[in-house]
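J.: Quick one: the structure is below, and I'll ask about it shortly.
The values are calculated or read from the model by the stated rules, or taken from the named source; none is laboratory data. Note that the coordinates shown come from a computational prediction; the quantities given were computed from them, not determined experimentally. Backbone-built Cβ (ideal geometry, glycine too); neighbour counts: all protein chains shown. For accessibility, only protein heavy atoms count, side chains too; no ligands or nucleic acids. Shrake-Rupley method; radii C 1.70, N 1.55, O 1.52, S 1.80 Å.
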Amino acid sequence: MTDKLKVATTSLAGCFGCHMSLLDIDERMLELAQHIEFDRSPITDIEHCGPCDIGLIEGGVCNSENVHVLREFRKNCKVLVAVGACAINGGLPAMRNHIPLEDCLNEAYIDGLGVENAQIPSDPELPLLLDNVHPIHEIVKVDYYMPGCPPSGDVFWSFLTAIIAGQEPSLPYELVHFD
Amino acid sequence: MSQTITIDGQEIPYEEGQTIMDAAIAANIYIPHLCHNPEYEPHGSCKLCTVKVNGRNCSACTFPAMQGQDIINHSDDLEHDRKRITQMLFVEGNHFCPACEKTGNCQLQGIAYYLDMHDNHFPHFFANREMDASHPDILIDHNRCIFCNLCVRASQEKDHKNVFAISGRGINKCLIINSKSGKLKDSELDINDCAAHICPTGAILIKRTGYQVPIGQRTYDQHKIDEISLAKEHKHHD
Ligand code: SF4
Ligand code: SF4
Ligand code: FES
């Protein structure tokens with residue numbers, strides 16, 4: 001089937017809760033599978049994004065790797081969607097923004113309760129942390145937003161079925177939530 | 001009919017001395033507002049109540065009703081401006097609704113839902129704001145203050161105390177507390193004061209009352225803010 005819409009998904013500085021919520025559409029997933037196929041996504045383990053119709057981004061941007069992944073998605077996806085509070089406004093990870101990065105690292109790896117063999121991870125393979133966690137619209141152009149922490153399965157369903165039907169996605173009042 | 005104004009084509013009466021907002025509420029018409037509460041003197045700071053009066057933008061909560069005014073309350077342009085104003089309020093503070101006890105009961109959030117706002121549009125300030133948990137019964141989280149001035153007015157007009165003031169301008173604007181230490185615990189604020197309960201957002205919260213109503217069953221989870229606002233304020237006008 002070549003007329004299926006290609007969808008890529010990723011979690012940047014998120015908790016995978018939004019991906020869980022996508023799975024929450026339950027048996028509607030079977031119907032969805034007739035219209036879409038997944039490209040790069042934790043669901044497929046494909047490592048890089050090819051040309052896609054829809055890119056779903058969970059999570060904000062907290063490190064250098066997040067920036068690269070986000071740009072890869074923007075380059076390849078016709079429609080890019082910020083999914084959930086963290087992609088939209090940084091979310092709970094952004095609550096670290098008023099704490100100096102050094103203090104965060106010290107608390108997590110040096111002074112924190114129960115830390116053994118205290119050291120701040122410095123392997124060159126590790127992506128560098130940014131001083132602030134950013135919403136994704138501060139880095140790339142975003143076409144649509146799905147609010148919620150996480151957005152409910154019904155939000156995913158409403159959004160994806162609209163796109164599949166070639167309609168402009170919109171949310172009824174009951175589905176607009178910031179919590 | 002005595003003296004009348006027209007809002008979105010509907011002719012409504014007004015009394016001498018009423019603002020456009022007063023006349024609208026009395027006629028059961030909702031004009032979006034945040035810094036206005038009919039129990040207090042109008043403040044005119046949030047600009048959410050902007051309407052077009054004979055072609056010019058005016059704040060409905062402060063502008064006097066006058067014979068023959070032709071007023072537009074709902075238009076795509078006005079709703080767009082109101083959404084942008086609300087988005088500015090969100091990025092100016094730090095509003096992480098999933099971590100806020102006021103979520104679902106918050107008027108700022110209620111307005112955002114009403115305006116079908118899905119994102120914050122602007123870059124975030126991530127301003128460094130403090131929390132004051134020093135008072136035994138009341139907590140202030142400055143991250144969520146929108147400077148609506150309602151706590152200031154409530155403390156002055158109803159509690160006759162003068163606990164709050166807004167100081168500074170622009171990015172340095174800050175809600176300050178009238179006590180030697182600047183801390184809430186050393187102020188005259190009491191849990192029974194109007195000022196402790198007036199905040200439209202989660203900036204002033206009463207301790208030990210959190211999460212009594214589960215998220216999902218709260219005010220704006222169930223009803224739009226226009227309904228809630230008119231049910232409360234229209235009644236108050238009668
Ligand atoms: S005050 Fe309102 S808008 Fe701000 S975080 Fe709390 S619920 Fe959200
Ligand atoms: S603390 Fe609440 S009531 Fe007081 S100015 Fe801020 S938002 Fe308004
Ligand atoms: S409600 Fe009129 S300016 Fe705030």
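J.: Return a yes/no flag: does the stretch B:210-217 have any residue that is closer than 28 Å to B:HIS80 by Cα, within 13 Å of chain A (Cβ to nearest Cβ) and surrounded by fewer than 17 Cβ atoms within 10 Å (Cβ to Cβ).
T.: Applying the first criterion (closer than 28 Å to B:HIS80 by Cα) to the stretch B:210-217 yields B:216.
Next, only the ones that are within 13 Å of chain A (Cβ to nearest Cβ) stay: B:216.
Pick out the ones that are also surrounded by fewer than 17 Cβ atoms within 10 Å (Cβ to Cβ) and you get B:216.
Among the residues of the stretch B:210-217, at least one is closer than 28 Å to B:HIS80 by Cα, within 13 Å of chain A (Cβ to nearest Cβ) and surrounded by fewer than 17 Cβ atoms within 10 Å (Cβ to Cβ), which makes the answer yes.
J.: Let me ask something else about it. Select from the stretch B:120-170 the residues that are of a type in the set (Asp, Glu) and over 20 Å from the mean Cα position of the chain (by Cα) and list them in ascending order. I'd like the intermediate steps shown before the answer.
T.: To start, the set of residues in the stretch B:120-170 that are of a type in the set (Asp, Glu) comprises B:130, B:132, B:137, B:141, B:157, B:159.
B:GLU130, B:ASP132, B:ASP137, listed by residue number.
J.: Another one. Taking only the stretch B:106-116 into account, find how many residues are more than 9 Å from chain A (Cβ to nearest Cβ) and open to solvent by 40 Å² or more (accessible area, probe 1.4 Å).
T.: Result for the stretch B:106-116: 1.
J.: Which one of B:ILE198, B:ILE228 is open to solvent by less than 50 Å² (accessible area, probe 1.4 Å), under 19 Å from the mean Cα position of the chain (by Cα), away from every other protein chain (no Cβ under 14 Å) and within 16 Å of ligand 3 (Cβ to nearest atom)? Before you say what the answer is, go through the steps one by one.
T.: Details: B:ILE228 fails: away from every other protein chain (no Cβ under 14 Å).
Selected residue: B:ILE198, the only one of B:ILE198, B:ILE228 that is open to solvent by less than 50 Å² (accessible area, probe 1.4 Å), under 19 Å from the mean Cα position of the chain (by Cα), away from every other protein chain (no Cβ under 14 Å) and within 16 Å of ligand 3 (Cβ to nearest atom).
J.: Kindly indicate the residue of the stretch A:134-179 that is without any contact (Cβ under 8 Å) to a residue 60 or more places away in the chain, assigned to a loop (DSSP other than H, G, I, E, B) and more than 9 Å from chain B (Cβ to nearest Cβ) and also nearest to ligand 2 (Cβ to nearest atom) among those meeting that condition.
T.: Among residues in the stretch A:134-179 that are without any contact (Cβ under 8 Å) to a residue 60 or more places away in the chain, assigned to a loop (DSSP other than H, G, I, E, B) and more than 9 Å from chain B (Cβ to nearest Cβ), the one nearest to ligand 2 (Cβ to nearest atom) is A:PRO172.
J.: Can you tell me which residue is farthest from the other protein chains (Cβ to nearest Cβ) among those in the stretch B:72-105 that are more than 16 Å from A:HIS177 (Cα to Cα) and β-branched (Val, Ile, Thr)?
T.: First, pick out the residues of the stretch B:72-105 that are more than 16 Å from A:HIS177 (Cα to Cα): B:72-82, B:84-85, B:88-89, B:91-94.
Filter once more, so that each one left must be β-branched (Val, Ile, Thr): B:72, B:85, B:91.
Values: B:ILE72: 23, B:ILE85: 17, B:VAL91: 8 Å.
That would be B:ILE72.
J.: Kindly indicate whether B:LEU89 is of a type in the set (A, V, I, L, M), closer than 30 Å to A:ILE136 by Cα and within 11 Å of ligand 1 (Cβ to nearest atom). Walk me through it before giving the result.
T.: On the way: of a type in the set (A, V, I, L, M): yes; closer than 30 Å to A:ILE136 by Cα: yes; within 11 Å of ligand 1 (Cβ to nearest atom): yes.
When the stated conditions are applied, B:LEU89 passes them.
J.: Another question about this same structure. Could you list, in sequence order, the residues of the stretch A:90-133 that are part of a loop (DSSP other than H, G, I, E, B) and small (Gly, Ala, Ser)? Spell out how you get there, then give the answer.
T.: We begin by selecting, within the stretch A:90-133, every residue part of a loop (DSSP other than H, G, I, E, B); these are A:90-91, A:97-100, A:111-128.
Scanning the stretch A:90-133 gives A:GLY90, A:GLY91, A:GLY112, A:GLY114, A:ALA118, A:SER122.
J.: Right, here's the next one. Residues being within 17 Å of A:ALA94 (Cα to Cα) and either open to solvent by less than 40 Å² (accessible area, probe 1.4 Å) or more than 13 Å from ligand 2 (Cβ to nearest atom) (or both): count how many of those fall in the stretch B:130-172. Reasoning before the result, please.
T.: At the first step, the residues of the stretch B:130-172 found to be within 17 Å of A:ALA94 (Cα to Cα) are B:130-131, B:141-144.
Restricting the remaining residues to those that are either open to solvent by less than 40 Å² (accessible area, probe 1.4 Å) or more than 13 Å from ligand 2 (Cβ to nearest atom) (or both) gives B:141-144.
Selection size over the stretch B:130-172: 4.
J.: Can I ask one more? For residues that are touching a strand residue (DSSP E or B) at 6+ places or on another chain (Cβ under 8 Å) and either part of a helix (DSSP H, G or I) or of a type in the set (Asp, Glu) (or both), scanning just the stretch A:18-43, find the one that is surrounded by the fewest Cβ atoms within 10 Å (Cβ to Cβ). Can you show your working first?
T.: Of all residues in the stretch A:18-43, those touching a strand residue (DSSP E or B) at 6+ places or on another chain (Cβ under 8 Å) come to A:18-19, A:22, A:35-43.
If we keep only those that are either part of a helix (DSSP H, G or I) or of a type in the set (Asp, Glu) (or both) too, we end up with A:18-19, A:22, A:37, A:39.
Details: A:CYS18: 26, A:HIS19: 23, A:LEU22: 23, A:GLU37: 15, A:ASP39: 21.
The selected residue is A:GLU37.
J.: Of the residues B:CYS174, B:CYS148, which single one is out of contact with any Lys or Arg (no Cβ under 6 Å at 6 or more places or on another chain), assigned by TED's automatic domain parsing to the domain that holds B:ALA112 and either without any contact (Cβ under 8 Å) to a residue 24 or more places away in the chain or within 16 Å of ligand 1 (Cβ to nearest atom) (or both)? Give the steps one after another, and end with the answer.
T.: Details: B:CYS174 fails: either without any contact (Cβ under 8 Å) to a residue 24 or more places away in the chain or within 16 Å of ligand 1 (Cβ to nearest atom) (or both).
The match here is B:CYS148.
J.: For the stretch A:60-83, give me each residue that is more than 14 Å from every other protein chain (Cβ to nearest Cβ) and small (Gly, Ala, Ser).
T.: The answer is A:SER64, and nothing else.
J.: While we're looking at this one, here's another question. With respect to B:GLY44, determine if the residue is over 15 Å from the mean Cα position of the chain (by Cα), of a type outside the set (Phe, Trp, Tyr) and at positive phi.
T.: Numbers: over 15 Å from the mean Cα position of the chain (by Cα): no; of a type outside the set (Phe, Trp, Tyr): yes; at positive phi: yes.
Considered against the rule, which asks whether it is over 15 Å from the mean Cα position of the chain (by Cα), of a type outside the set (Phe, Trp, Tyr) and at positive phi, B:GLY44 comes out as no.
J.: What residue, of B:ASP76, B:ASP119, is at pLDDT 95 or above and open to solvent by 40 Å² or more (accessible area, probe 1.4 Å)?
T.: Numbers: B:ASP119 fails: open to solvent by 40 Å² or more (accessible area, probe 1.4 Å).
Answer to the selection: B:ASP76.
J.: Test B:CYS61 against the stated conditions and say whether it is within 16 Å of ligand 1 (Cβ to nearest atom), touching a residue at least 40 places away in the same chain (Cβ under 8 Å) and crowded, with 23+ Cβ neighbours inside 10 Å. Outline the logic, then answer.
T.: Values: within 16 Å of ligand 1 (Cβ to nearest atom): no; touching a residue at least 40 places away in the same chain (Cβ under 8 Å): yes; crowded, with 23+ Cβ neighbours inside 10 Å: yes.
In short, no.
J.: When you go through B:LYS232, B:LYS161, B:LYS180, B:LYS185 one by one, which is the residue that is in the same structural domain as B:GLU15 (by TED's automatic domain parsing) and either of a type in the set (Lys, Arg) or part of a loop (DSSP other than H, G, I, E, B) (or both)?
T.: Sole residue among the options that is in the same structural domain as B:GLU15 (by TED's automatic domain parsing) and either of a type in the set (Lys, Arg) or part of a loop (DSSP other than H, G, I, E, B) (or both): B:LYS232.
J.: Another question, then. Consider B:PRO214 carefully, then state whether it is within 16 Å of ligand 3 (Cβ to nearest atom) and part of a loop (DSSP other than H, G, I, E, B). If you could, list the steps in order and put the result at the bottom.
T.: Values: within 16 Å of ligand 3 (Cβ to nearest atom): no; part of a loop (DSSP other than H, G, I, E, B): yes.
Spelling it out, it is not the case that B:PRO214 is within 16 Å of ligand 3 (Cβ to nearest atom) and part of a loop (DSSP other than H, G, I, E, B).
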